[in-house]
Amino acid sequence: MAELAALQVLKELVPPELQTPRVGIICGSGLSGLATSLRQIVLVSYDKLPGFVESTVPGHKSILAFGLMGSGAGVPVVAMLGRFHPYEGHKLSSVVFPVRVMAKMGVKDIFITNAAGALNPALAVGTVVVVHDHIALPNLTGMNPLLGPQQDPSLPRFLPLSDTYSRSLRKLVFKAAHELSIERDALAEGTYAWVSGPTYETAAEGRFLRGIGADVVGMSTVPEVVAAREEGMNVLVLSLVTNAVVIPEGYKSVRDEVEAEIAGNPKAEVVDEVVSHEEVLALGKLKGGLVKSLVEKVLDLL
Ligand SMILES: O=P(O)(O)O[C@H]1O[C@H](CO)[C@@H](O)[C@H]1O
Ligand SMILES: Nc1nc2[nH]cnc2c(=O)[nH]1
């Protein structure tokens, strides 16, 4: 099993008391600050770990962090300070490899975070969405992380995904928000759409994804979720809304525009906002603290 070689290295580099983390954390774009409150922190670079590839996206570090998080004695956790995306050219098996290593280390609960665009107009930028379901067009159309021969025959061949997102962990997030007196609108529930990226959505694609029931959209997370469920972990996903996916109500006809100009009634040009990864990272920096406080409080409540 490929994970065993990585585990062997981790046994040499991580002190025994941190070698069996209870919780795994994956930090989304610009969210690696989540791990700044780890105590007794031990950092392991991905290039030391067989099977790990490199996080090449700005806002992601190729580092695995071990330590204690939460108040009191703290909970032993392992955190990926950067993830792998298929659009970087990584195979899906590489994208989910760290999740499988976490499972072999004994991780029971995995907290997966991401930066996402809002499709639901009710979700303001800065909102944290507790994901309760997903729509994964790639999964349904031949880009499923579980395609291929089974690496481990003890795992199920046909994995049900109908109750993927742990209800009890989701409830803990809302309890945590209550204890932290976080205002109601700062936290929402929703469905995450996974797209391959790296292009952001056109307006028509945004309308399509909204139309089929998605609240937020991003280019990650679902492969990790699927692997984590296959490995039997409890899954929590928090999406930080970093931008709105611009979905104009209707197409603004250029014919109408030209005809109005010819008639001498030019209309003010409407310029739609254009999303950028810089904006995504800036929002992560601004609001990452909210995700971090929620994660810390949930750890206390586990
Ligand atoms: O999902 P994470 O890794 O948080 O990153 C999100 O932000 C990047 C786009 O700005 C994409 O990688 C998208 O998936
Ligand atoms: N696909 C997608 N991913 C994102 N990640 C952060 N924002 C976005 C977005 O608007 N679309």
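Computed from the coordinates by the stated procedures, all read-outs in this text should not be read as laboratory data. Predicted, not measured: the structure shown is a model, and the values here were computed from it. Here the Cβ is made from the backbone with ideal geometry for all residues, glycine too, and neighbour counts use every protein chain on show.
General remarks:
- Length-normalised contact order of the chain in % [C-alpha pairs under 8 Å, at least 6 apart]: 25
- The convex hull of the Cα atoms of the range 13-301, projected and averaged over all directions, covers 16.7 nm².
- Zero-based 10 Å bins, Cα pair distances in the range 103-214, whole percents: 11, 35, 35, 17, 3
- Counting only Cα atoms, the range 162-252 measures 46, 35, 21 Å along its principal axes, largest extent leading.
- Taking only the C-alpha atoms of the range 1-104, the Rg (one decimal) and the largest Cα-Cα distance, Dmax (whole number), read 13.0, 41 Å.
- Rough spin-label spacing in nm, given labels placed 7 Å along Cα→Cβ, for Gln151 and Leu286: 3.9
- Ranking of Leu13, Leu64 by neighbouring Cβ atoms within 10 Å, starting from the fewest: Leu13, Leu64.
- With the helix formula -39500 (n - 2.57) applied to DSSP H stretches of n ≥ 4, the chain reaches a computed 222 nm mean residue ellipticity of -9500 deg cm²/dmol.
- Footprinting exposure proxy for His132, His85 (fewest neighbouring C-beta atoms within 10 Å first): His132, His85
- For the range 230-290 versus the range 59-130, the gap between their alpha-carbon centres in whole angstrom: 25
- The aspartates and glutamates whose alpha-carbon is closer than 15 Å to the alpha-carbon of Lys108, local same-chain residues fewer than 8 away aside, are Glu224, Glu230, Glu231.
- Stretch gain in nm, segment Glu179-Glu269, where the contour uses 0.36 nm per residue and the Cα spacing is subtracted: 27.7 nm
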